[in-house]
Every structure is written in C-alpha cells, then in structure tokens.
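The values are calculated or read from the model by the stated rules, or taken from the named source; none is laboratory data. What you are looking at is a predicted structure, and each value in this text was computed from that prediction instead of being measured. As a convention, Cβ positions derive from the backbone with ideal geometry for all residues, glycine included, and neighbour counts pool all protein chains shown. Surface accessibility is based on the protein's heavy atoms, side chains included, excluding ligands, DNA and RNA. Shrake-Rupley method; radii C 1.70, N 1.55, O 1.52, S 1.80 Å.
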Amino acid sequence: MKVQRVVLASRPGKNGAPVPENFHVEDMTLSSELKEGEVLVRTLYLSVDPYMRCRMNEDTGAEYLRPWPLGDSADGGGVGLVQSSRCSSVSEGDVVTSFNWPWQTQLSCRETLQNWTLASGWTSLVLLGAVGMPGLTSLFGVREKGHVTKGQTMVVSGAAGACGSIAGQIGRLDGCSTVVGICGSEEKCKALVEKLGFSAAVNYREENVSERLKQCCPNGVDVYFDNVGGDISDTVMSQMNKNGHVILCGQISQYNKDVPYPPPLSERTQEILTKNNLKRERFLVLSYMDKADAGILELSRLVKDGQVKVLETVVNGIENMGAAFCSMMRGGNIGKQIIKISD
Ligand code: NDP
C-alpha cells in the first residue's frame with residue numbers, strides 16, 4: 001500500500017529561519033499485513049510545535065530531544081484512527097494519540113501509541129492543543145511556577161498561540177483579576193479580548209509595549225508567563241512587582257539563533273530580578289507527566305464547560321507540514337496550529 005511521508009531534507013543551520021524546502025514529501029510502501037501486536041493507523045491530525053526547531057539541528061541542545069535524521073520521517077504530536085489491530089489494547093475504530101507520531105499518512109506500529117479516550121462529540125484535534133501537550137504546559141506552568149493569588153495581574157507573551165491562549169485563561173480562572181496578552185497582530189489582540197476574555201492585549205509589532213503595559217497593568221505585573229524571551233520579556237520583567245513569578249515556558253524569539261537555552265539575561269534584567277526578588281525558574285512540561293492524566297481530565301472538563309475557549313488554525317494536507325511549521329514559527333497561527341491529514 002502506498003503512503004506519503006514527510007522527511008527532513010536539509011537543516012536550516014543553528015542561525016537561520018526554517019523554510020518549507022527543508023522538508024520533502026515522498027511516497028513509501030507499507031505492508032498491509034499486520035504481525036501479532038501491530039496496529040494499522042490512519043493519521044487524522046498532526047501537530048507542529050516550536051520545539052521542533054531544535055530537532056532540525058544536528059545537536060538539539062536538549063538531552064530530552066533527539067535530532068531528526070536527514071532523509072527520515074519527521075515526527076511529533078499526532079492523532080489517528082485505528083484501521084485494523086492485532087494488538088489487545090486497541091481495536092478498530094479507536095482514536096489514538098502519541099507525542100511521537102511519524103509524519104505519515106498511514107503507519108503500522110506496535111503498542112507505543114498512547115490511547116486516550118475521547119468524550120463523545122469531541123473533535124480529536126483538541127487532543128493536540130487545549131486537551132493535549134500545550135494545554136498541560138499552560139495548566140502546569142501556571143500552577144507549578146505561577147503561584148497565583150486572588151486579584152493579581154498576569155501578563156502572557158506569545159498570548160495568542162497554543163500555550164499562551166490557554167495560560168491566560170487558566171490565570172484568570174485561578175484568580176487573576178487582570179490578564180494581559182502580548183501578541184503579533186490586531187486580529188490576535190481582538191481574539192484574546194473578545195473571544196478568550198483577556199482584560200487587554202498588546203500588539204508588539206505595532207505598539208510601544210512598555211507604555212501599553214503601564215496603561216493595562218496600573219498595579220504592576222505579578223505573574224509573567226513567558227513564551228518568547230528577548231526584548232519583550234525584558235520589558236515585562238522591568239514592570240514586575242516585588243516577589244513576582246516568571247514562568248519560563250519558552251523563548252521562541254531566540255530559536256533561530258545559536259544561543260544556549262535559556263539564553264543569558266542582560267545584566268540590567270538580572271539586576272531587576274535580584275532587586276525585586278523575582279523567581280524565574282525554568283519550566284518543562286515533561287517533568288510533570290505523573291500528573292498528566294489528572295491534567296487532561298481537568299482541561300477536558302474546562303473546555304467542555306466552556307470555561308476555557310479553544311482557538312485553532314487548521315491547514316489541510318501532509319504536503320503542507322513544512323509550510324505550516326514555518327508559518328507557525330513566524331506567527332501565522334491563531335491558537336494551536338494543526339494540519340489535517342485525513343477525514
Ligand atoms: P504558538 O502556538 O505560540 O506559536 C508560536 C508563536 O510564537 C507564533 O504564533 C508567534 O506569535 C510567536 N513568535 C514567533 N516569533 C516571535 C518573536 N520573535 N517574538 C515574539 N513572538 C514570536 O506555539 P506554542 O504555544 O506551541 O509554544 C509557545 C512557547 O511555549 C514556545 O516558546 C515553546 O517552545 C514553549 N513550550 C514550552 C513547553 C515547556 O514544557 N516548557 C512545552 C510547549 C511549548 P506572534 O504573532 O504573537 O508573534
């Protein structure tokens with residue numbers, strides 16, 4: 001049986017933006033005969049995520065991330081439908097999801113796919129965003145590192161993306177009275193305020209972030225959910241109250257540069273952290289996987305009840321994986337960027 005897959009064709013280099021041509025779509029043949037313990041799965045949705053930029057490098061810079069080998073299938077979060085099964089734990093018709101889904105239209109695999117049950121009426125793409133890894137990142141990031149107390153002010157950068165859009169909503173539910181998002185377009189700002197209930201939003205491409213933050217956060221900033229790093233984060237940290245908390249979730253503004261993670265802070269920002277006793281601890285969702293089941297349950301309840309609203313940007317076709325990844329890295333997505341592979 002002929003299937004299509006996406007391989008990494010070339011590396012952008014540690015200093016350089018990825019381009020769609022770094023990826024290549026090719027045909028491959030898959031045996032339709034399953035061995036004992038194997039499952040044939042048709043891919044429904046695939047995810048593209050910022051950490052994949054590290055996987056495009058020969059050396060990812062993180063011990064928990066393997067580089068994608070040149071000429072081999074890329075992989076990441078995916079959801080698919082079991083077409084046939086010779087494995088006792090999954091049956092035909094089950095929807096399964098995994099963090100390590102090869103970028104292929106169909107695959108046969110052993111029991112490595114994680115089988116999460118879907119509540120009825122749900123679209124399975126939610127499993128890649130709000131009720132998946134990005135949702136857990138937001139929930140655990142806020143809960144483990146945010147130390148939110150009632151009436152506080154939270155700022156979120158990368159606020160209209162997969163993690164940021166959920167993190168701000170969790171902050172509000174956990175008691176923040178002011179939640180301000182920073183993002184890269186008017187359309188995104190509008191979505192944050194009108195659809196997700198953020199108190200205000202700042203367009204960092206068009207507005208003076210420092211001045212707008214002073215207006216939107218008259219009592220200063222207590223909690224900062226940092227997805228982007230760089231100048232935006234320096235500005236937010238300069239407006240934080242004593243004993244505040246920075247959730248160091250990601251630093252996407254630095255991912256196309258050859259710098260260590262997390263990138264070193266400027267002397268001035270370091271002084272601000274020390275002077276104001278700001279806690280800025282690195283956060284990694286993978287460190288909290290023992291709580292993943294409970295987290296997924298809580299997120300599914302919040303989404304189902306409408307307490308957390310979900311934004312997604314969906315493109316069609318495995319041939320668009322590379323373009324969708326590059327677009328997401330440049331801000332082309334509102335909410336979670338997802339690629340629909342089949343119906
Ligand atoms: P998003 O859906 O937020 O997509 C990435 C967004 O980053 C873009 O939409 C763009 O939005 C923004 N962006 C890109 N370049 C810049 C820049 N130079 N300055 C400011 N913003 C920029 O991705 P995710 O929600 O999946 O990831 C968000 C962050 O969370 C990333 O840093 C990622 O590495 C991190 N992460 C960390 C995890 C952890 O365990 N610590 C787990 C998962 C994600 P805009 O239009 O606003 O510029």
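So, in the stretch 313-338, exactly how many residues are more than 9 Å from the ligand (Cβ to nearest atom) and either assigned to a strand (DSSP E or B) or on the phi > 0 side of the Ramachandran plot (or both)?
Quick first cut of the stretch 313-338, residues more than 9 Å from the ligand (Cβ to nearest atom) only: 314-326, 338.
Checking which are either assigned to a strand (DSSP E or B) or on the phi > 0 side of the Ramachandran plot (or both) leaves us with 314-317, 338.
Number of matching residues: 5.
On the given criteria, is residue 237 touching a Lys or Arg at 6+ places or on another chain (Cβ under 9 Å), farther than 30 Å from residue 19 by Cβ and within 16 Å of the ligand (Cβ to nearest atom)?
yes
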What number of residues within the stretch 142-166 are near the ligand (Cβ under 9 Å from one of its atoms) and either surrounded by fewer than 19 Cβ atoms within 10 Å (Cβ to Cβ) or assigned to a helix (DSSP H, G or I) (or both)?
5
Within the set of pairs 6 or more residues apart or between chains, which connect a residue that is under 15 Å from residue 294 (Cβ atoms) inside the stretch 138-150 to a residue that is among the acidic types (Asp, Glu) and in a helix (DSSP H, G or I) with Cβ atoms less than 7 Å apart?
139/298
In this structure, is residue 231 more than 8 Å from the ligand (Cβ to nearest atom) and surrounded by 22 or more Cβ atoms within 10 Å (Cβ to Cβ)?
no
Name the single residue, out of those in the stretch 249-291 being within 15 Å of the ligand (Cβ to nearest atom) and in a strand (DSSP E or B), that is least open to solvent (accessible area, probe 1.4 Å).
280
Could you grab me the full set of residues in the stretch 292-301 that are of a type outside the set (Gly, Ala, Ser) and open to solvent by less than 60 Å² (accessible area, probe 1.4 Å)?
296, 298, 299
Subset of the stretch 68-112 (residues that are part of a loop (DSSP other than H, G, I, E, B) and in contact with a Phe, Trp or Tyr (Cβ under 9 Å, 6 or more places away or on another chain)):
74, 103
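One line per residue, one yes/no per condition, for (1) surrounded by 15 or more Cβ atoms within 10 Å (Cβ to Cβ); (2) modelled with pLDDT of 90 or more:
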residue	(1), (2)
59	no, yes
67	yes, yes
70	no, yes
76	yes, yes
87	yes, no
90	yes, no
94	yes, no
For residue 258, all conditions in the list (1) within 18 Å of residue 138 (Cα to Cα); (2) in contact with a Lys or Arg (Cβ under 7 Å, 6 or more places away or on another chain); (3) of a type in the set (Asp, Glu) hold save one; what is the number of the exception?
(1)
Go through 304, 309 for me and flag whichever is under 25 Å from residue 198 (Cα atoms), open to solvent by 40 Å² or more (accessible area, probe 1.4 Å), at pLDDT 95 or above and away from the ligand (no atom under 13 Å from the Cβ).
309
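Quick check on residue 246: is it within 15 Å of the ligand (Cβ to nearest atom), open to solvent by 50 Å² or more (accessible area, probe 1.4 Å) and either farther than 23 Å from residue 166 by Cα or not assigned by TED's automatic domain parsing to the domain that holds residue 49 (or both)?
Numbers: within 15 Å of the ligand (Cβ to nearest atom): yes; open to solvent by 50 Å² or more (accessible area, probe 1.4 Å): no; either farther than 23 Å from residue 166 by Cα or not assigned by TED's automatic domain parsing to the domain that holds residue 49 (or both): yes.
The answer is no for residue 246.
Hey, among the residues in the stretch 173-184 that are within 15 Å of the ligand (Cβ to nearest atom) and not in a loop (DSSP other than H, G, I, E, B), which one's farthest from the chain's Cα centre (by Cα)? Write out each step before concluding.
Pass one, the stretch 173-184, residues within 15 Å of the ligand (Cβ to nearest atom): 180-184.
Next cut, not in a loop (DSSP other than H, G, I, E, B) only: 180-183.
Numbers: 180: 19, 181: 16, 182: 16, 183: 15 Å.
Only one residue tops the list, namely 180.
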Count of residues meeting criterion [touching a helix residue (DSSP H, G or I) at 6+ places or on another chain (Cβ under 9 Å), open to solvent by 40 Å² or more (accessible area, probe 1.4 Å) and either of a type in the set (S, T, N, Q) or part of a helix (DSSP H, G or I) (or both)] in the stretch 11-55:
2
